[in-house]
Amino acid sequence: MADKGGLEEAVVADISTSYIDGSIGKLIYHGYAIEDLAENATFEEVLFLLFKDRLPNRAEYEALRSAIARDAAIPDEVIAMLKSLPRETSGMAALRTAVSMLSAFDSDAENLTDKEAAKAKAIRLTGQITTVCAAWMRIAKGEEPTPPRADLSVAENFVYMMSGGEPDETACAALNVYLVLLAEHGMNASTFTARVVTATGSDMHSAIVAGIGALKGPSHGGANSAAMKMFLEIGDVENVVPWFEKYIRTGERRIMGIGHRVYKSNDPRAGILRRHAEALAESSGKRKWYDIAVKLAETARADDYFVQRNLYPNVDYYSAIVLYTLDLDIDMFTPLFAMARIAGWSAHVIAQMGGRLIRPKANYVGPFDCNWTPIDDR
Ligand SMILES: CC(C)(COP(=O)(O)OP(=O)(O)OC[C@H]1O[C@@H](n2cnc3c(N)ncnc32)[C@H](O)[C@@H]1OP(=O)(O)O)[C@@H](O)C(=O)NCCC(=O)NCCS
């Protein structure tokens, strides 16, 4: 192969959901700067923007918010299935299984052509994924899940279902920013996966299940939990430099949450999350993990290896601190990423519906002209 592989330079679709200029750290969703959206938008407004190419008015916003909340309840059979899983099942495996099962209870699951029906399905899945994430978090600890409320937003409903009490305002605001920042990101690996599935003419649930599978890997969404485990392993700000010398300087390991295929300068989402991580660390009194993250990032940025390769903290680096400070189990970090990315996935699935089969070529490097040997003569 001439290039490094990984389809780095391949352009596979025209899209209007998001634009990234990785050389200057710029990200927009349909024309709106991510900084503006993180400051002002709700996750529901972003979902509307991605589906309809414009922001909603108040009535449209309220209609979408209540539709998501109304459809967020999941069938008893899915709850029973989650309860039947071994407790050590990963959050992503539980989510992947639940979303696959939800298709059997969606009367429109096999409607493969109607884009309006697909939007309604995506709205249902947005609420249902929120409920599955919160339910699994409780079930994995041996607690009863709390059903969603019809009067709450996605962020509020998750915090409510996770805690079982009145949702805390600071936690909801931080979670909303997280959801906005992770809602969409061009042709990332899981979105591409969902588009490939859709381009075969398959259904929305299959595409989303496939997207969840791609997101699970540590090179993609799995990096947020891997980053937090790394901060915990370092354990103290004093240990950062010795840890860096032992594992990173020697090339034995990678710093999780650093580096990006597209961003060769600051990931704008990381900067926003860093500010939220600092504010939460301050208000919760749990500053240690934030301090470790900052020291490790500074150590890396002062190192020639990271400077020459343009490696900067990505979205997963400081989101690990935000989610940990919000008392989320580490195993639930990547499912939370899926809870946000359902917005982008479903917008891409709808755009891809009816499109041409995605089927690249491979470069054959095996032998030719082999002679067949009967099995007993080998
Ligand atoms: C995100 C990631 C998979 C991008 O991969 P990619 O675009 O294929 O880039 P490469 O793996 O080719 O990396 C380019 C170079 O930087 C190095 N590098 C990349 N990320 C690194 C990291 N986190 N720590 C140390 N070195 C890293 C690679 O070893 C490679 O060095 P080389 O040119 O000497 O071989 C990669 O940066 C990574 O593994 N990061 C950690 C996991 C992570 O945070 N993932 C979430 C992404 S949002």
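The values are calculated or read from the model by the stated rules, or taken from the named source; none is laboratory data. On a predicted model such as this, the values are computed, not experimentally measured, just so you know. Positions of Cβ are generated from backbone atoms using ideal geometry, with glycine treated the same way; all protein chains shown enter the neighbour counts. Surface areas here come from the heavy atoms of the whole protein model, side chains and all, with no ligands, DNA or RNA. Shrake-Rupley method; radii C 1.70, N 1.55, O 1.52, S 1.80 Å.
Computed quantities for the displayed model
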| quantity | calculated |
| --- | --- |
| Contact order normalised by residue count of the chain, Cα under 8 Å, 6+ apart, percent | 23 |
| List ARG359, ARG341, ordered by accessible area with a 1.4 Å probe, largest first | ARG359, ARG341 |
| Neighbour-limited loop hits for trypsin sites (Lys or Arg not before Pro), the stretch 1-78 (at most 15 other Cβ within 10 Å; DSSP other than H, G, I, E, B) | LYS4, ARG54 |
| Entries in LYS83/LYS119; LYS229/LYS295; LYS246/LYS288 that, when Cα-Cα distance is taken, lie over 26 Å | LYS83/LYS119 |
| The stretch 223-325, relative contact order in percent, only Cα pairs under 8 angstrom and at least six apart counted | 45 |
| Charge dipole (debye, nearest 20) of the stretch 263-378; +1 at Cβ of Lys and Arg, -1 at Cβ of Asp and Glu | 500 |
| Stokes-Einstein D in µm²/s, Kirkwood radius over Cα pairs - the stretch 327-378 at 4 °C with 1.567 mPa s viscosity | 77 |
| Charge dipole (debye, nearest 20) of the stretch 1-71; +1 at Cβ of Lys and Arg, -1 at Cβ of Asp and Glu | 220 |
| Restricting the stretch 240-314 to GluC sites (Glu not before Pro) in coil, as DSSP defines it, with at most 15 other Cβ within 10 Å | GLU252 |
| Within the stretch 223-325: Cβ-based charge dipole about Cα centre, in debye rounded to nearest 20 (Lys, Arg +1; Asp, Glu -1) | 300 |
| Coil-residue GluC sites (Glu not before Pro) of the stretch 1-101, DSSP, other Cβ within 10 Å capped at 11 | GLU8, GLU9, GLU88 |
| Which of LEU232, SER283, PRO313, positive extreme of dipole for the stretch 223-325 (C-beta unit charges) | PRO313 |
| Long-range HN-HN contacts of SER18 with modeled amide H, under 5 Å | HIS30, GLY186 |
| The chain: most fluctuating residue of ILE255, ILE68, ILE208 per GNM, C-alpha cutoff 10 Å | ILE255 |
| Surface share of carbon and sulfur [accessible, 1.4 angstrom probe, percent] for the stretch 142-222 | 53 |
| q = 0.08, 0.14 Å⁻¹, the chain: log10 I(q)/I(0) [Debye, one scatterer per Cα] | -0.42, -1.22 |
| Label-point separation in nm, LEU7 to ARG356, each point 7 Å along Cα→Cβ | 1.5 |
| Percent carbon-and-sulfur accessible area, the stretch 276-359, ignoring ligands, DNA and RNA, probe 1.4 Å | 47 |
| Estimated inter-spin distance, SER163 and TYR305, nm [label 7 Å along Cα→Cβ] | 4.1 |
| Residues of the chain: accessible area per residue with a 1.4 Å probe, Å² | 47 |
| Extension gain (nm, one decimal) between SER84 and LYS264, 0.36 nm per residue minus Cα-Cα | 60.4 nm |
| Pair-distance profile P(r), taking every C-alpha pair of the stretch 37-143, with 10 angstrom steps and integer % | 13, 39, 31, 15, 1 |
| Charge dipole of the chain about the Cα centre (unit charges at C-beta), most positive-ward option of PRO360, ALA118, LEU336 | PRO360 |
| Kirkwood-based Rg to Rh ratio, the stretch 223-325, C-alpha trace | 0.94 |
| Efficiency of FRET from Cβ geometry, ASP114 and ARG54, R₀ 22 Å, rounded to 0.05 | 0.55 |
| FRET E, pair ASP291, PHE105, Förster distance 30 Å, beta-carbon r, rounded to 0.05 | 0.05 |
| Residue-by-residue Karplus 3J(HN,Hα) for the stretch 268-284, coefficients 6.51, -1.76, 1.60, Hz, glycine and proline x | x, 5, 5, x, 5, 5, 4, 4, 5, 4, 5, 5, 5, 4, 5, 6, 8 |
